[in-house]
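Following: one structure in structure tokens, then a few remarks.
Bear in mind these aren't lab numbers, they're just calculated from the coordinates by the rules spelled out. Because the structure is predicted, anything quoted here is derived from the model rather than measured. When we count neighbours, we look across all protein chains shown, and the Cβ atoms used for this are built from the backbone with ideal geometry, even at glycine.
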Amino acid sequence: MIELLANVEQTALSVWVRESPSLLAFPFILFLHTLGLAMLAGLNVGIDAWLLGRRKLPPFDLPNLYRVMWLGFGINALSGVVLLAAYPAKALTNWVFFAKLLFITIALWVLQQLKGELAVAGGTAERDVSGRALRLALASLLLWTATIFAGRLLAYTHHILLVSEGL
Amino acid sequence: MERWPLMDLFIDWIYTTRLSWFVNSFPWVWPTLESLHFCALTVLAGTVGLFDLRVLGLVKGITPSALHTTVRWGVIAFIVSAITGVMFISGASEQYFYNDAFRLKVMFLALMGANAALFYWREFARIQALGPRDEAPSSAKFIAAASLVFLVGVMLCGRMLTFFRPPFFH
């Protein structure tokens, strides 16, 4: 396992992301990760906040909004994989990283469930906000908060930064 | 980067405050502040962004006035961002005052504020009167697009802060 991580650290992509002085390397990829967070978690939280303040749901067009959020997820997934390639041992030897992945997975499931609840309101008339929709919105808020805390704490809780340095 | 004597006097004073002491005395404070700052940024981007997307015509079927209720959350998030931001500055002033990325971030924040003021002054009344499928006027769309651009600018500069630290900061 350690050898595999060391090999990943020595790939051209990993070395470039970690060591290139270019702002397009690590700094820009980190920015993309934040941009993706704002598009996916941000808009999801925006929907949650809106939903929690309402009793009635008007019919509205969801597909475009979900497209933006899934684009955010795509940016996050790609930038996340590149960041992981740069410091694989730092993340993969830290349980906080796996907690973050678990929170994201559940948050995405909740997002899809919420789509089902909101799509019900896609008719022509206003409907009551269901109790399930409110519970999903609240769960979503908690899950994204947990994801962000886990993401930030990664920088402070890792035990190994690079395994190849010690081999 | 050249140091400014007056700026250094100000920084020295900041380091004597209780707030600076608090931020630097406990190892859990900085990571907690960072997490809260990111949560606030997410809420701000999501609530203001959602409203901007409606004004731009991406989310139809709902009146802008119904979506505008989320902006309240955005305002609270901005206050949390500002408080945590001030705490960061109190803990590591040199990192911010001698940093081009921080200066640009403040500029984008000022532009965001001016853009929001322009929106409420010129467009808000017209936007509030729009129906669920009505298009916003072009001038309002321009302001909404600018709001998103400035928000991305704030995020970009915020992320670049670490990479533009002055050489004398440890």
Built amide H within the under 5 Å cut-off of residue A:57, gap 5+: A:127, A:128, A:129
Which of A:96, A:10, A:118 sits closest to the plus end of the dipole of segment A:2-166, meaning its Cα is farthest towards the positive end, when Lys and Arg get +1 and Asp and Glu get -1 on the C-beta? A:118
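So what's the net charge close to residue B:101: Lys and Arg +1, Asp and Glu -1, counting the other residues with Cβ under 15 Å from its Cβ? Each step should come with its number before you reach the end.
Values: positive: B:103, B:105, B:159, B:165; negative: B:94, B:100.
Local charge sum for residue B:101: +2.
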Run the dipole for segment A:2-166 about the Cα centre, Lys and Arg Cβ at +1, Asp and Glu Cβ at -1, nothing else charged, and hand back the magnitude in debye, nearest 20. 580 debye
From the residues B:99, B:31, B:78, which one has its Cα farthest along the dipole of segment B:29-164 in the positive direction, the dipole being from +1 and -1 charges on Cβ of Lys/Arg and Asp/Glu about the Cα centre? B:78
Within the protein assembly as shown, helix-based [θ] at 222 nm, where runs of 4 or more DSSP H residues each add -39,500 (n - 2.57), nearest 500: -23500 deg cm²/dmol
Taking the Cα centre of segment B:29-164 as the origin and placing charges on Cβ (Lys, Arg +1; Asp, Glu -1), which of B:160, B:144, B:129 is farthest toward the positive end of the dipole? B:129
So what is the orientation-averaged projected area of chain A, using the convex hull of its C-alpha atoms, in nm²? 10.5 nm²
Give the residue list of trypsin sites (Lys or Arg not before Pro) in segment A:4-86 that are DSSP loop and have at most 12 other beta-carbon atoms within 10 angstrom. A:55
Three principal axis extents, largest first, for the C-alpha atoms of the protein assembly as shown, in Å? 64, 54, 35
Helix by helix through chain A, keep the DSSP H runs that span 27 Å or more along the axis on Cα and average at least 0.0 on Kyte-Doolittle, and give those back in order. A:63-86, A:95-120, A:131-157
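If you place +1 on the Cβ of every Lys and Arg, -1 on the Cβ of every Asp and Glu, and leave all else neutral, what size is the dipole of segment B:80-153 about its Cα centre, to the nearest 20 Debye? Don't skip to the end; give the middle numbers.
Details: 6 positive and 5 negative charges, 31 e Å.
Rounded to the nearest 20 debye, it is 140 debye.
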The protein assembly as shown - charge dipole about Cα centre, Lys and Arg +1 at Cβ, Asp and Glu -1, debye rounded to 20: 960 debye
